[in-house]
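All remarks here apply to the structure that follows.
Where a number appears in this text, it was derived from the coordinates with a stated rule and is not lab data. None of the values given here were measured: they were computed from a predicted structure. Glycine also receives a Cβ, built like all others from the backbone with ideal geometry; neighbour counts cover every protein chain displayed.
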Amino acid sequence: MIDPINFVVFSSILLLIGAYGVIRNKNAIVVLMSVEIMLTAANVNFIAFSSFYNDLSGQIVALFVTTIAAAEVAIGLAILLSLFKQRDTIELDLLNSLRW
């Protein structure tokens, strides 16, 4: 069996990559993808520790997080599509006002 510290290191690397993407990118779609990478890092931790402790709770939580993340992506992309149709851009620096 693989040592849980390997999963924690992998998850930490994923979390750092996602955080870097959220901080550095100006494109809203890339930021949304970076948030998904961060949620995947949390799921890796849930599943790794669930497997380590022989408990299904972590896997169930990971399933719920994945479901909520899919809904979040659908809503986020719908909002971005609406903003793109109205303003012809999805750059976060240019979307600083919620007025139409």
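The residues on offer are 84, 7, 64, and the sole one that is among the aromatic types (Phe, Trp, Tyr), in a helix (DSSP H, G or I) and crowded, with 16+ Cβ neighbours inside 10 Å is 7. Across region 14-26, the qualifying residues are those that are of a type outside the set (A, V, I, L, M, F, W, C) and loosely packed, with under 15 Cβ neighbours inside 10 Å, and the one among them that is nearest to residue 90 (Cα to Cα) is 26. Being without any contact (Cβ under 8 Å) to a residue 60 or more places away in the chain, outside any helix (DSSP H, G or I) and not acidic (Asp, Glu) is the requirement here; does residue 43 meet it? So residue 43 does not fit the description; no. Here region 1-56 is the region considered, the condition is being within 10 Å of the chain's Cα centre (by Cα) and hydroxyl-bearing (Ser, Thr, Tyr), and the residue that is nearest to residue 76 (Cα to Cα) is 34.
For beta carbons closer than 9 Å, sequence separation of 6+ or different chains, a first residue in region 1-23 that is without any contact (Cβ under 8 Å) to a residue 60 or more places away in the chain and a second that is surrounded by 13 or more Cβ atoms within 10 Å (Cβ to Cβ) and charged (D, E, K, R), the qualifying pairs are 18/36. For region 46-65, what are the residues that are touching a Leu at 6+ places or on another chain (Cβ under 8 Å) and within 21 Å of residue 34 (Cα to Cα)? The one that is touching a Leu at 6+ places or on another chain (Cβ under 8 Å) and within 21 Å of residue 34 (Cα to Cα): 65.
Tell me the residue from 37, 75, 47, 79 that is over 20 Å from residue 10 (Cβ atoms) and surrounded by 11 or more Cβ atoms within 10 Å (Cβ to Cβ), please. Step through it out loud before you land on a result.
Working: 37 fails: over 20 Å from residue 10 (Cβ atoms); 75 fails: surrounded by 11 or more Cβ atoms within 10 Å (Cβ to Cβ); 47 fails: over 20 Å from residue 10 (Cβ atoms).
After ruling out the rest, the residue left standing is 79.
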